[in-house]
Amino acid sequence: MDHDILAAEEQEKKNYVETDPFAWANNVLQYKEELMFEIFLINKNYMLYKTSLAPSLREQQEVLFIDGLLEYLFEGAETGMVVRGFEQAEAETGVLQRTQTFKVPNIRETLRWIHTQESEIENFDQTDGDLGKIKGMLVRVKHPDMKHEVYVAKVLPGSNVMQGKTGWMVKNGKFVPFDAEAALRIPADNQMLFIDQDVYVFSQARLGQLFSYNAKEAMIAEKKVAEIDTHFKLSFPEGQSLQTMVEGKKSAIKKLQDINPTSVTQDKLIDHASEIGVELMEDDAGSIIIMDDKDMSKFVNLLNDDYMESALTGERYEIIKKRPLKPTEPETDATDASKP
C-alpha cells in the first residue's frame, strides 16, 4: 500500500469525531425538500460510474433514500435507541450499529474515487456497460447548510435488473415487449448511511454483500493481530503493520479467527519454518521481517499450522482445509459383547 495513502488513513483516524445520527435527522428535516441527490453506480471491482437523472425522479429519490432513514431515526430517538460499534454489541432491537469508513477497505476505496478522482469518473452508458454487472449504488446527499458529507449506500441485486430484450410489460391490459434498454428497481429498505467518517449499518447482510466486510470477523482479526504484536517480534516496511497487511485479505482474516497466538514461541515458529522449508527472514534484532503480502501469508500460515511434511513420502504440503480426525473407537469382540 502506498505510503501517502497510509499517511492519509492515519490522519483520518486521528481526525475522527463521532457523529450523532439523531441530531443529523433533526437537522436535515428542515430542508428535506431542497436536498440534491447525486447517484454513483458501483461495479464488482468497486469502480464508480456517474448517472444522469430525469428531473421527474426527484420526488422518488427523496422517498427511496431519505424518508425511510428519517422515519427509522425519529422512531429510534423516541424509543431510546442507542448507537454501538460492532465490537460492542450484536445486532438487536433498539441498537443501531456503527463502524467507520477507515475500517472497511472497500468503502475506503469507493470513497477515494470521489474524493480524489471524481473528475475522471465516467458516465454509465447501458450501450457500453451491462447494468447486470453493477453491484450497488452510492447516493451523495447534498445541501449548502449540511455540516457533514452524507452518502446512502444500497445493494442492487441482479434480480432487480430487467434487460430490454427479455422483458415484458403490461400496457392497456395486455403484455407487450419492454421498450427500454434496461430497467432497475431500487430497494426501498434502509441499508447503510455514511455521515462524515461514520457508517451506520441497518443491515449487516447488505454491508457484507456490497462491501465484502464481515464486521464480526474483522473485529476478531483485529484482536488477534494485537495479540500477535504482543507475542512476536515483527519488522515491517515504514508505515506498514500486520493490521494494514491483513485488511481486505479474506483468507488471512478467516485464518486469524481460530489462531491462538500464544500456542507457539517465536523460536519454535522459526525452527518449524526452517524444517519445513518455508523461508522466514530475521533482522539483526531477531525480528521476523515481513516485507509484503507474500511474507504475511507465510507467517499467518505458519501460525495456523498450515504446512506439513508427510511421514510416508517426505513430500511437503500447504494444507488448504484441515479436518481433525476423530479417534477410532476400539473394536468390541463379539464374544465379549455377549457376556453379561
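Past 23 Å, Cα to Cα: identify those pairs from 133/254; 133/294; 133/174; 44/249; 135/321, in the order given. Numbers along the way, then the final one.
Details: 133/254 27 Å; 133/294 30 Å; 133/174 31 Å; 44/249 16 Å; 135/321 30 Å.
133/254; 133/294; 133/174; 135/321, as the Cα separations exceed 23 Å there.
Please build a GNM for the chain, connecting alpha carbons under 10 Å apart, and tell me which residue among 152, 17, 199 fluctuates the most.
Ranking 152, 17, 199 by mean-square fluctuation puts 17 first.
Using 1/(1 + (r/R0)^6) with R0 = 41 angstrom and r between the beta carbons of residue 29 and residue 279, what's the FRET efficiency to the nearest 0.05? Working shown, then result.
Values: r = 61 Å, r/R0 = 1.49.
Efficiency, rounded to the nearest 0.05: 0.10.
State, to one decimal in nm, how far the label point of residue 63 lies from the label point of residue 219, with both points 7 Å from Cα in the Cβ direction.
So the two model labels end up 3.7 nm from each other.
Using Cα atoms only, what is the angle between the long axis of helix 293-303 and the major principal axis of the chain, expressed in degrees (0 to 90) to the nearest 10?
Tilt relative to the chain: about 50 degrees.
Comparing 246, 104, 63, which has the greatest mean-square fluctuation in the GNM of the chain with Cα pairs linked when under 10 Å apart?
Comparing 246, 104, 63 in the GNM, the peak value goes to 63.
Let's see if you can work this out: charge +1 on each Lys and Arg Cβ, -1 on each Asp and Glu Cβ, no other charges. What is the dipole magnitude of the chain about its Cα centre, in debye to the nearest 20? Intermediate values should be presented prior to the final figure.
Details: 39 positive and 59 negative charges, 260 e Å.
Around 1240 debye, computed over the chain.
Let me know the charge dipole size of region 174-233 about its Cα centre in debye, to the nearest 20, where only the beta-carbon of Lys, Arg (+1) and Asp, Glu (-1) is charged. Could you put the intermediate results ahead of the total?
Working: 7 positive and 9 negative charges, 48 e Å.
The dipole magnitude comes to about 240 debye.
Quick check: pseudo-label points 7 Å beyond the Cα along Cα→Cβ at residue 294 and residue 159, how many nm apart are they?
With each label point 7 Å from Cα toward Cβ, the separation is 4.4 nm.
How would you rank 46, 16, going from fewest to most other Cβ atoms within 10 Å of each one's own Cβ?
Numbers: 46 19, 16 14.
Starting with the residue having the fewest Cβ neighbours, the order is 16, 46.
Would you mind pulling out the separation of the Cα centroids of region 271-293 and region 16-60, in Å?
Cα centres, region 271-293 to region 16-60: 49 Å.
So, R0 is 25 Å and r is the distance between the beta-carbons of residue 287 and residue 16; what FRET efficiency does that work out to, to 0.05?
Values: r = 30 Å, r/R0 = 1.21.
Step by step, r from the Cβ atoms, then E = 0.25.
If the elastic network links every pair of Cα atoms under 10 Å, which of 319, 259, 289 fluctuates the most in the Gaussian network model of the chain?
Of 319, 259, 289, the Gaussian network model singles out 319 as fluctuating most.
Just to confirm the filter: which GluC sites (Glu not before Pro) across region 174-243 are DSSP coil and have at most 10 other Cβ within 10 angstrom of their Cβ?
Numbers: sites: 181, 217, 222, 227, 238; in loops: 181, 238.
Qualifying residues, ordered by number: 238.
Within the chain, what's the longest run with no trypsin sites (Lys or Arg not before Pro) in a DSSP loop and at most 13 other beta-carbon atoms within 10 Å? Give the range, please. Don't jump to the answer; show the numbers that get you there.
Values: sites that count: 44, 147, 165, 185, 233, 321, 322.
No qualifying site falls inside 45-146, the longest such stretch.
Specify the inter-centroid distance of region 169-187 and region 194-247, based on alpha-carbon positions, in whole Å.
So the two Cα centres are separated by 43 Å.
With an 8 Å cut-off on Cα pairs and a minimum separation of 6 or more residues, tell me the relative contact order of the chain in percent. Walk me through the numbers before you get to the answer.
Values: 411 pairs, mean separation 50.0, N = 340.
Once normalised by length, the contact order is 15 percent.
Specify which residue in the list 94, 160, 31 is farthest towards the positive end of the charge dipole of the chain, using unit charges on the beta carbon of Lys, Arg (+1) and Asp, Glu (-1), about the Cα centre.
160
Cα axis of helix 215-231 to longest principal axis of the chain: angle in degrees, 0 to 90, nearest 10?
40
What ranking of 72, 317, 213 emerges when the number of other C-beta atoms within 10 Å of each C-beta is taken as an exposure proxy, fewest first? Display every interim value, and only then the final one.
Values: 72 18, 317 12, 213 22.
The order, fewest Cβ neighbours first, is 317, 72, 213.
Bear in mind that the values in this text are calculations on the coordinates, not laboratory data. Because the structure is predicted, anything quoted here is derived from the model rather than measured. Here the Cβ is made from the backbone with ideal geometry for all residues, glycine too, and neighbour counts use every protein chain on show.
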